[in-house]
Structure formats: C-alpha cells, structure tokens
Amino acid sequence: MKKLLFTLLLTATCSTVFSQDDALTAEEKKELLAASPFNSVYPESILKSANTYFNAQMGLYKEGAIAEKEAHLVALGTSAAVKCQYCTLSYF
C-alpha cells in the first residue's frame with residue numbers, strides 16, 4: 001500500500017512540475033505564433049512544448065512510409081472524423 005501511495009504521489013508531483021513550460025517573452029511568443037497556425041490554439045503555458053511536438057510530428061509526414069500528401073489527407077480525415085478542434089481549425 002505504501003508503494004502504491006508513493007507512486008501516486010510521485011506521479012502527481014512530476015505531472016504538476018513538468019506540465020508547463022518556462023515563461024515566454026513577448027518576442028518568443030510572437031515567433032512561435034508566426035511559425036505555425038496551430039500554435040494559436042494552444043495555451044501560452046504549453047506553447048513551447050506544443051511547437052516542439054508539432055515540428056516532430058511534421059517530420060513524420062516528410063519521412064514516413066507513404067507520400068506526404070496522402071499522409072496529410074489521412075490525418076485530416078481522421079481529425080474530421082473525431083471532430084478534433086485543434087487539428088481541424090486550420091483546415092476548415
């Protein structure tokens with residue numbers, strides 16, 4: 001029981017501590033918003049992490065097993081099917 005309680009406490013602490021980025025300067029925010037239309041939908045507290053994640057995901061489209069155009073179409077279709085408000089915002 002103590003191990004379970006300790007694990008839950010450690011998980012909660014880590015998720016709280018590591019869940020937000022450092023504070024953004026006005027210049028950083030401006031650059032991130034100009035870099036991608038998707039960055040405008042994320043809260044400022046996770047904007048840096050969201051941009052890093054988005055850039056990593058875009059690499060999958062360019063270097064994936066299927067052509068980039070088809071990969072984007074599959075992603076768009078999936079986003080529309082599940083009604084993802086973040087994914088479909090820039091397309092519709």
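The values are calculated or read from the model by the stated rules, or taken from the named source; none is laboratory data. On a predicted model such as this, the values are computed, not experimentally measured, just so you know. Here the Cβ is made from the backbone with ideal geometry for all residues, glycine too, and neighbour counts use every protein chain on show.
Each residue in the range 28-43 was checked for being loosely packed, with under 13 Cβ neighbours inside 10 Å and in contact with a helix residue (DSSP H, G or I) (Cβ under 8 Å, 6 or more places away or on another chain), and 2 of them qualify. Note on the range 44-73: residues that are surrounded by fewer than 12 Cβ atoms within 10 Å (Cβ to Cβ) and of a type in the set (A, V, I, L, M) amount to 4. Please specify each residue of the range 41-72 satisfying the condition of being of a type in the set (Val, Ile, Thr) and free of Cβ contacts under 8 Å to residues at least 40 places away in the same chain. Residues satisfying the conditions are 46, 52, 66. Applying the criterion of at least 3 residues that are modelled with pLDDT of 80 or more to the helices (runs of 4 or more DSSP H) found wholly in the chain leaves 26-35, 47-63, 68-81.
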